[in-house]
Structures are given as structure tokens and as C-alpha cells.
Amino acid sequence: MHRLRTCAARLRPLTAARTGRGTSIQRTPVPAAAPRTFRHIRCYTAPVAAEPFLNGTSSNYVEEMYYAWLEDPKSVHKSWDIFFRNANAGAPPGMAYQSPPPVGETLSGLSQIRGHHVAQLDPLGIMDADLDSYVPTDIITSSDKLGLYGLDESDLDRVFRLPTTTYIGGSETALALREIIRRLEAAYCQHIGVEFMFINNQEQCQWIRQKFEKPVSDILLHSCHRFEDFLQRKWSSEKRFGLEGCESLIPALKTIIDKSSQSGVESVIMGMPHRGRLNVLANVIRKELEQIFCQFDSKLEAADEGSGDVKYHLGMYHRRINRVTDRNITLSLMANPSHLEAVDPVVQGKTKAEQFYCSDTEGNRVMSILLHGDAAFAGQGVVYETFHLSDLPSYTTHGTVHVVVNNQDDPHYWVVNAPIFHVNADDPEAVMYVCNVAAEWRATFHKDVVVDLVCYRRNGHNEMDEPMFTQPLMYKQIKKQKGVLQKYAEKLIAEGVVSRKEYEEDIATYDKICEDAHARSKDEKILHIKHWLDSPWPGFFTLDGQPKSMSCPSTGLSEELLRHIGSVASSVPVENFTIHGGLSRILKARCAMVESRSIDWALAEYMAFGSLLKEGIHVRLSGQDVERGTFSHRHHVLHDQNVDKKICIPMNYMCPKQAPYTVCNSSLSEYGVLGFELGFAMASPNALVLWEAQFGDFHNTAQCIIDQFICPGQAKWVRQNGIVLLLPHGLEGMGPEHSSARPERFLQMCNDDSDAFPKITEDFAVRQILLPFRKPLIIFTPKSLLRHPEARSSFDDMLPGTHFSRVIPEQGPAAQNPTGVKRVLFCTGKVYYEFTRERKNRNLDESVAIVRVEQLSPFPYDLMKAETDKYTQAELVWCQEEHKNQGYYDYIKPRFLTTVSSARPVRYVGRGPAAAPATGNKKAHLMELERLLETAFNLDSFKGQS
């Protein structure tokens with residue numbers, strides 16, 4: 001039997017000194033604890049028909065295999081290993097043997113799984129794409145490996161049946177082994193390597209096989225190469241993070257965009273690091289060259305407010321005709337800082353928003369492309385946070401094409417649940433083919449895909465770098481390496497595709513374009529960062545060509561609308577829907593609050609959102625457990641107790657023509673999700689986008705998004721954003737990780753001058769939606785106050801004509817006789833309720849006034865001046881529960897001094913300086929609070945102090 005002979009041939013190299021089938025080997029005694037005796041195995045060989053695998057095989061031979069297997073299961077062929085394992089497990093005769101796959105199927109599977117290990121991916125020819133020199137021993141790359149499969153040279157011309165899982169045969173069902181190996185090498189082991197067999201979907205695996213196992217030409221290389229050459233000649237001493245060594249990136253991106261346009265995509269949002277950004281702007285986005293070149297002129301003055309940014313951080317938005325499809329396409333390259341991968345979730349959020357606003361539920365019209373460096377792609381966690389969002393319903397963008405510019409910097413292992421197409425970047429045709437397949441994959445399956453462009457950096461990290469210090473051998477080879485344009489041009493000229501004259505004319509034409517643009521760039525007198533805006537909001541800032549009014553309208557609502565929203569919030573607007581008994585009590589309590597015209601935080605939030613939805617403003621609330629609320633206070637999503645996954649969102653039943661309300665629990669991520677929501681808020685100013693941290697402290701892991709995008713975004717990139725951060729804050733004895741949202745960090749990044757009393761303008765009180773500008777809003781939200789009986793507001797505070805109160809003055813007996821007040825406590829947050837309770841206990845209602853500061857920045861100079869002028873005889877004290885080096889004191893103190901008309905000192909009451917934001921000991925917390933209250937209400941506490 002051929003199969004048996006093949007199996008025996010496979011086994012011979014693995015047995016000791018065997019020269020023929022009858023040669024004996026030294027036996028290892030059967031272990032006493034062997035699960036089965038050889039006598040048991042013999043029963044499988046007695047009736048030959050019972051085990052066709054053993055037909056013609058002597059029992060001595062089987063016995064030898066069995067002893068060898070007991071000693072080391074890996075010493076025998078896999079088929080014997082399976083046979084003995086099944087027999088020992090009790091499989092009946094005739095069932096222990098499992099047929100090995102045909103040779104063609106075995107080789108096909110191995111090539112698909114491991115072919116990228118031996119593919120010729122490195123343009124330099126000195127390294128492996130994954131910097132791992134391991135080559136699987138069972139891949140046939142030469143005839144000396146045939147013995148691993150029980151084969152020899154004579155078998156190369158034998159014909160083998162092809163499995164249904166390969167497409168290398170075309171219409172043929174069988175091929176000679178020599179041709180099988182040749183075709184598999186051509187598909188998987190040349191300039192393209194594919195990783196996809198980990199995908200647990202047969203349809204998707206077969207799709208990839210079909211694309212790469214079938215035989216596989218104007219490529220835009222000259223403009224990319226000459227652009228970099230021009231910059232190097234004109235500004236040799238400037239950093240530009242050029243693309244030399246990976247010029248194929250430009251035709252790669254153009255191929256993805258062209259192919260996607262053919263599939264119906266109308267908008268592409270892109271994010272990328274420094275390397276090649278200027279080239280992408282010039283040759284993919286098609287930004288005017290003079291606008292790029294003038295960025296190199298250090299003499300030009302900035303026209304826009306703010307700091308601006310270096311040229312290789314800037315973005316661009318451009319709508320143009322795609323030359324391949326003659327369809328309009330919008331390209332947006334997002335501005336981003338040196339935190340290279342931080343832009344990934346921002347791009348995804350903006351993509352999701354554009355899909356949402358154009359009702360693109362499948363991602364057929366809007367898509368994203370993310371470019372990565374190899375080391376950052378492997379090393380930065382936000383990459384994986386972003387990948388994880390790709391399958392969540394409220395976050396998926398229905399597939400992203402990831403392009404890795406693989407500089408071969410460091411060893412890297414990518415753990416992504418997406419096919420990975422490795423390709424030698426010095427083979428432009430292979431690059432374009434792979435990018436076509438990647439775009440088709442995304443359009444077909446709406447899932448992520450990774451294109452790994454294996455390349456090098458001709459100039460090191462940047463043009464000022466000397467890479468020979470650390471990578472001498474690689475850069476010796478790079479110095480000898482022809483550029484991809486030269487190599488490809490020589491190939492085309494040799495094949496007669498183009499003439500040398502045509503090639504040189506193309507080069508000269510593009511060089512003249514650059515020179516002309518350079519001449520025009522000198523006419524620029526001023527740098528306009530607005531020319532680099534990546535997310536414009538046309539029509540938002542002006543009306544009939546004039547700036548919109550900055551008058552702040554009342555935010556009040558009619559009592560009828562307040563009651564209507566409260567009614568919806570208290571109901572289940574879906575028939576045959578069973579809610580939890582505890583939730584029934586919560587809804588009844590809401591209804592009672594509406595009747596009493598006094599509402600808590602959760603219901604006030606409901607009314608704010610509901611009124612915006614009625615006016616057509618989309619509201620999106622995202623974060624960990626926001627649907628219910630971390631403190632079980634919100635309950636914006638109701639769950640049927642009898643039907644799994646049946647939900648109801650009452651706020652979407654507010655009125656017939658309302659805007660949609662999106663509320664979605666996120667993955668357990670802050671960095672990625674906050675970046676996503678920031679990107680979502682960029683797409684349109686006519687939406688309220690909110691991210692809520694489970695506890696305010698948790699924004700620590702999203703600090704990069706806050707520091708690099710949210711706080712300085714307008715100054716760097718003239719990009720307004722109205723994202724709202726809801727950060728539960730308050731020292732309540734819950735330890736250092738569940739107390740502080742670190743308000744001092746946000747206040748430190750505000751740009752108002754503490755030494756100058758400002759001119760009070762109409763926009764001094766910030767409104768998130770009702771004014772024609774957008775600023776990030778940070779709200780330190782309550783925890784214990786969510787259920788505090790005194791933390792309530794009357795309908796009277798919300799009716800037409802009312803406004804947000806930046807400062808809430810004292811309204812008790814102390815305000816009636818301000819000259820008799822001995823001390824004024826200024827504070828913010830929940831500590832106010834502890835102060836009012838303590839004041840009442842000490843009978844100091846007439847001696848101590850308490851003023852609440854509700855808007856910290858912009859600092860309410862005008863209202864604070866009114867309060868300090870009112871209490872002319874009183875001590876002024878800033879009180880906070882946070883430690884002195886944290887919280888608000890360092891921000892408040894200099895602004896108080898600017899505000900106070902006389903030389904009155906501003907005292908401090910609060911915890912002393914500390915490294916941690918709060919104690920983890922409940923008793924220590926209560927003792928600290930007691931000392932704080934004692935100092936605040938002991939009217940002699942500051943005696944003797946100057």
C-alpha cells in the first residue's frame with residue numbers, strides 16, 4: 001500500500017540505525033505504568049481488515065514503533081503517534097488510525113501557515129521580516145528536505161491529487177510534486193508572505209488562498225522619490241522624516257484608496273506617524289507643494305493664535321476627484337503629536353462619526369487607514385486597545401487597513417486578529433497587488449487587515465541621525481543599496497515597458513513642478529495653520545458671512561417640557577417589557593421627584609440630554625458601565641428580565657423628530673476609548689459627545705490624549721473640540737485610586753493669565769452647545785452626592801430666563817447682614833454639604849458665609865469680586881478637601897489676589913501636602929476631615945498670622 005510505504009519511509013530516519021525494515025533496534029523496556037500493554041496493541045493488528053493502516057505490516061515493526069513511541073512520542077511519525085494515542089484511549093479496532101493528509105495537502109497547509117518565514121521580504125537581503133532567523137524544519141526549500149516526508153528526488157515527478165483547500169492548480173485537480181512545490185513557493189515564499197491560518201473562518205481563509213495562489217503593473221514612484229530628493233537638496237539641515245527606503249508606501253496608499261473608491265468609498269480618514277507624512281500630504285492627499293515648502297521657511301510669521309506645531313505633525317483635509325474612478329473622494333490626514341500611535345483611536349472615532357452621520361451602517365462609504373512604524377505597532381498598548389474596539393457595535397468602523405512601515409528596527413511579535421500580508425517594499429508590483437487584496441478584503445468582510453511593508457530607512461531615524469553608531473552592518477548594506485525607483489526603472493526599461501527617454505522626461509517634469517512650487521512658496525509672508533485643518537466645520541462659525549453672535553441664550557426650559565422629559569425618564573415606553581423590581585422603585589422615585597419639582601443629579605442629566613435631543617442635537621455617552629452608571633444612578637438602558645438582550649432606551653422615545661441618543665458601555669479601556677470619543681467629536685460641532693470615567697482617577701491611563709490632543713489641540717492645530725469628560729471626584733475614604741480626578745492637572749493646562757483681571761466678554765461663561773465655538777469641558781462629577789438628600793435642584797432653577805450659575809453665593813442669614821460676617825469660605829464640590837452641616841451644628845449661620853465656585857476656568861473674576869466686595873470685614877478662606885499641593889489651591893490663590901480690591905490675605909484650609917491623592921485608611925480619612933472642619937469653623941484659627 002502506497003500510504004503505508006510512505007509512512008514507513010517517513011519513520012525510518014527517526015528510528016535507530018535502521019537500514020531496512022527487518023533491522024532490529026535496541027528496545028527500551030516497557031514502563032510498568034504504561035497505560036496499555038503491547039498485548040493490547042496486538043489486537044489491532046490481528047484482524048488485518050480491522051485496521052487497513054496496518055495491512056502488510058509485521059507485528060514486530062509495530063512493536064518497534066510502540067516501544068519508540070513510549071520512549072518519546074516525537075520520535076515516530078505523527079500518524080503513529082495518533083494511532084497509539086487513540087489505541088491507549090480505548091478506541092475500538094478499525095478506529096485508532098487517522099489518515100494523514102495527502103502530500104499536496106500537507107505541503108499546501110505548511111506553506112500557508114509558515115511560508116512567510118522563508119519569503120524573500122527584506123530588500124537588503126540580510127534579515128528576516130520579523131527579525132527571527134528561525135526557519136521551520138518541515139518547509140521544503142530544497143531537495144534535502146524531502147526525506148522529512150518520506151520522499152526523495154524520484155518522487156518529484158510523481159503526480160499528487162490536490163486538496164480542495166488550494167487554488168494553485170487552477171482547473172487542474174492534480175499536479176506533479178515538483179510543480180506543487182514551485183507554485184506554493186511562488187505564492188507564499190517570494191516577495192509576499194501571508195499570515196492568515198489563525199483565522200477561525202473557513203470562508204475568509206479560502207478567500208485569501210484564492211487571492212494569493214492564483215498567478216499574479218503606471219506605478220507612482222518617481223514623484224515620491226523626487227519629492228524626497230528635492231527636500232534633501234533644498235533643506236539638507238532640516239528634519240523631515242523622509243520616506244527613502246520605503247518609497248513604495250505612496251503607490252501602496254494610492255492603490256488602497258483607488259480600490260476602495262471602486263468599492264464605493266467616498267471618505268478616507270488616515271492617521272500616520274512622522275515618517276513620510278510630508279510625502280503623503282504631497283502625493284496622496286495632494287496638498288499644494290508651496291504650502292508644504294513654506295513650512296521650511298523659518299522667517300515666516302505665524303498668523304494664527306496659539307503655538308502651532310512642527311510640519312511633520314500637521315494634518316490636512318481635501319476633497320478631490322479620484323483619477324481612477326472619476327468619483328469624488330474626501331481624504332483626511334489627522335494631525336498628531338510624537339506620541340505616534342495615540343492618533344489610532346482618534347481616527348477610528350472620527351471615522352465612526354462620519355459613518356453615523358451619513359447612515360453608513362456597513363462602512364461602505366467611509367473607511368480608515370492607519371499607518372504604523374513596526375516598533376510602535378508592536379510596542380504601544382493603544383494599538384491593541386484600538387484593535388479591540390473594532391468588533392464592538394458602538395465602536396466598530398467595519399474594517400481598517402493597517403499599513404506597517406517595517407523599518408526592521410527591533411524584534412517584534414504582532415498579536416492581531418487580522419490577516420497579515422508581508423511584502424518586500426522594493427517590489428512595487430507585489431506591494432500594489434497586496435494592497436489591492438487588502439482593500440478587497442476590507443470591502444468584502446468589513447474587518448481589519450495588516451499590510452507589512454518590509455523596508456529600511458536610508459537616513460536613519462531622521463536626517464540629523466547617524467545610524468552607523470548603532471546599526472553598522474545594516475547601514476553598510478544600505479549605502480550599497482539601489483533605490484527602489486532606480487531598480488524598478490531599470491526593470492521596466494529592460495523589459496521594454498518604458499524607454500529611458502520617457503523615464504528621464506517624467507523625472508524632469510516632476511522636478512520642474514517642485515521648483516515652480518518652491519518659487520511660489522517664497523511669496524508667502526505668513527504661515528496660516530488653518531490651511532492644515534484636518535476637520536473643518538463649514539458654516540458653523542459664521543452666518544451670512546459674518547461671525548455668529550456670542551450672546552449666551554438662556555438654558556432654561558418650560559415646565560411642560562421638564563415634566564415631559566421627567567415622565568419619559570420614569571417610564572418604560574415599550575409594551576410587554578419586564579424590568580427589575582429594584583428598577584421599578586427607582587422609576588417611581590423619579591416620578592415622585594417630578595411631582596415635587598425637585599430633582600437629583602441623574603434626573604437633571606436626563607433633562608439636559610433630553611432637551612438637546614428634542615432640538616436635534618445628537619448626544620453620545622460612552623465609557624465603562626455608563627448605561628447603568630457606575631453607581632447605579634443612571635439607568636439609561638433598561639433590560640428585559642425575561643428576554644435575553646432585549647433592551648429599551650427610553651430617551652430615544654422623547655419625541656417624533658428628535659436626534660438619536662447613543663449610550664454605550666465601552667471596553668475596559670481609557671486611553672483608546674477617550675481617543676475614540678475625541679475623534680467622534682471632531683466630525684461635527686452639532687453633537688454633545690461625553691466620555692465618563694468609572695472613577696475620575698482612571699483618566700490617568702488616558703493622560704496622553706488629554707495632554708496631547710484635548711488641552712493643546714486648538715493651540716497646536718487650530719482644531720476646536722467640544723468633548724465632555726465626566727470624572728467622578730471626591731474624597732470619601734475610598735483610597736488613593738478612587739478619590740481624585742486630579743483637577744490640578746487640568747487647571748494647570750488652562751491658558752488664562754492669573755495676574756491680569758480680564759475684560760468680561762459675552763463668552764466668559766462657557767456653554768457647550770449653544771454658542772458658536774467649542775471648548776473641551778471637564779466636569780468633576782459627584783459620587784456620594786448622587787443620593788445626598790440635600791443635593792437637589794428645583795424646577796425654578798431651570799425655567800426660561802435661567803442660566804448656569806458660575807458662582808452660587810451665600811443665600812442664608814449671613815447674606816442678609818454681610819458686615820457681620822467674620823469669615824467667608826470659598827469652596828467647590830461636595831465639601832460644601834459637609835460645611836453647611838458643620839456650620840449648622842456650631843450655630844454659625846450668621847458669622848460664616850459659604851460661597852460655591854461652580855466654574856473654575858475661565859475663572860469667574862467678576863462674580864468673585866462681587867462676593868469679596870460684599871463681605872468687607874470678613875476673612876477670606878479657600879477651603880478644599882484635597883491636599884494642598886493638589887486640587888484647586890495653586891490655581892485659585894493668584895487669581896484671588898488679582899480679584900481682591902484691598903490687600904486682604906486669602907487663607908487656606910484643607911489637607912496638607914501629600915504624594916498620594918488620599919489615604920487608604922478609613923479612620924485616618926475621618927480624622928483628616930474632622931481637622932479640616934475644625935480649622936474652617938474655628939474663628940480663631942488664623943489669629944496671630946499676618
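Values in this text are rule-based calculations from the coordinates and carry no lab data. Quick caveat, the model's predicted, so the values are computed rather than measured. Backbone-built Cβ (ideal geometry, glycine too); neighbour counts: all protein chains shown.
Could you line up Met316, Met927 from fewest to most neighbouring Cβ atoms inside 10 Å?
Going from least to most buried by this count: Met927, Met316.
May I ask for the net charge around His274, where only other residues with Cβ less than 9 Å from the Cβ of His274 are counted and Lys, Arg are +1 while Asp, Glu are -1? Kindly include the intermediate steps, with their values, before the conclusion.
Numbers: positive: Lys239, Arg240, Arg275, Arg277; negative: none.
That works out to +4.
Given Cα pairs under 8 Å that are at least 6 residues apart, what percent is the relative contact order of the stretch 359-504?
For the stretch 359-504, the relative contact order is 22 percent.
Can you tell me which of 843-852, 739-748 comes out highest on packing, and rank the rest after it, using the mean Cβ neighbours within 10 Å? It would help to have the intermediate numbers written out before the result.
Details: 843-852: 19.1, 739-748: 20.9.
Per-residue mean Cβ counts within 10 Å order the peptides as 739-748, 843-852.
Could you check the spin-label model distance between Phe296 and Asn86? Points 7 Å from the Cα along Cα→Cβ, value in nm.
7.0 nm
Rounded to the nearest 0.05, what FRET efficiency is calculated for Ser571 and Lys943 with R0 set to 60 Å and r the Cβ-Cβ distance?
Calculated transfer efficiency: 0.55.
For His788 and Lys482, calculate 0.36 nm times their separation in residues minus their Cα-Cα distance, and state this gained length in nm to one decimal. Don't skip to the end; give the middle numbers.
Working: separation 306, 0.36 × 306 = 110.16 nm, distance 7.30 nm.
Once the chain is fully extended between His788 and Lys482, it gains 102.9 nm.
I'd like the distance between the alpha-carbon centres of the stretch 183-200 and the stretch 648-690, rounded to an integer number of Å.
A separation of 41 Å, based on Cα centres.
Which parts of the stretch 574-617 would a label at Leu777 reach, counting a residue when its backbone N lies under 14 Å from a point 7 Å out along Cα-to-Cβ?
Taking a point 7 Å out along Cα→Cβ of Leu777, the residues of the stretch 574-617 whose backbone N falls under 14 Å are 604-613, 617.
Between beta-carbons, use under 13 Å as the cut-off and find the net charge around Leu929, counting Lys and Arg +1, Asp and Glu -1.
On the way: positive: Lys830, Arg837, Arg911, Lys922, Lys923, Arg931; negative: Glu732, Glu834, Glu838, Glu881, Glu882, Glu928, Glu930, Glu934.
Overall, the nearby charge balance is -2.
Given a Förster distance of 30 angstrom, what is the FRET efficiency for Asn652 paired with Ser584, based on the Cβ-Cβ distance and rounded to 0.05? Show your work: numbers first, answer last.
Details: r = 20 Å, r/R0 = 0.68.
Using R0 = 30 Å, I get an efficiency of 0.90.
Using packing as a proxy for protection, rank 884-891, 160-167, 364-371 so that the peptide with the highest average count of other Cβ atoms within 10 Å comes first. Provide the component values of the computation, followed by the final result.
Working: 884-891: 19.1, 160-167: 16.4, 364-371: 24.8.
The peptides rank, most packed first, as 364-371, 884-891, 160-167.
When each pair of different Cα atoms in the chain is counted once in the 1/r mean, what is the Kirkwood radius in angstroms, to one decimal?
Taking every pair of different Cα atoms in the chain, averaging 1/r and inverting gives 33.2 Å.
Along Cα→Cβ, 7 Å out, is where each label goes; now give me the distance between the ones at Asp797 and Leu392 in nm to one decimal.
Label-label distance for Asp797 and Leu392, simple model: 3.3 nm.
Going by how many other beta carbons lie within 10 Å of each one, how would you line up Phe83, Phe826, fewest first? If you can, show how the numbers build up before the last one.
On the way: Phe83 26, Phe826 23.
With the fewest neighbours first, Phe83, Phe826 line up as Phe826, Phe83.
Name all residues of the stretch 875-916 having a backbone nitrogen under 12 Å from the label point set 7 Å from the Cα of Cys750 along its Cα→Cβ direction, giving them as ranges.
Those under the cut-off are 888-896.
Helix-derived [θ] at 222 nm for the chain: sum -39500 (n - 2.57) over DSSP H runs of at least 4, divide by residue count, nearest 500?
Roughly -10500 deg cm²/dmol at 222 nm, from the helical runs in the chain.
Plugging the Kirkwood radius over Cα pairs into Stokes-Einstein for the stretch 577-716, at a temperature of 4 °C and a viscosity of 1.567 mPa s, what D comes out in µm²/s? Numbers along the way, then the final one.
Details: Rh = 16.6 Å.
Diffusion coefficient, whole number: 78 µm²/s.
Using a 10 Å cut-off on Cβ atoms, rank the peptides 687-700, 928-941 from the highest mean neighbour count down.
Ranked by mean Cβ neighbours within 10 Å, highest first: 687-700, 928-941.
On full extension of the chain, what length is gained from Glu490 through Ser551, given 0.36 nm per residue of separation minus the C-alpha to C-alpha distance? Can you show the working numbers first?
Values: separation 61, 0.36 × 61 = 21.96 nm, distance 6.66 nm.
Between Glu490 and Ser551, full extension yields 15.3 nm more.
Taking 7 Å along the Cα-to-C-beta vector as the label spot, tell me the Asp644-Cys358 distance in nanometres, rounded to one decimal.
With each label point 7 Å from Cα toward Cβ, the separation is 3.8 nm.
At 0.36 nm per residue, minus the direct Cα-Cα distance, what do Glu615 and Lys234 gain on full extension? Give it in nm, one decimal, please.
131.7 nm
If you add up the charges near His635, with Lys and Arg at +1 and Asp and Glu at -1, over every other residue whose beta carbon is less than 10 angstrom from its beta carbon, what do you get?
Result for the neighbourhood of His635: +2.
Among Met734, Met464, Met334, rank each residue by its count of other Cβ atoms within 10 Å, from fewest to most, as a rough exposure measure.
If I rank by nearby Cβ atoms, fewest first, I get Met464, Met734, Met334.
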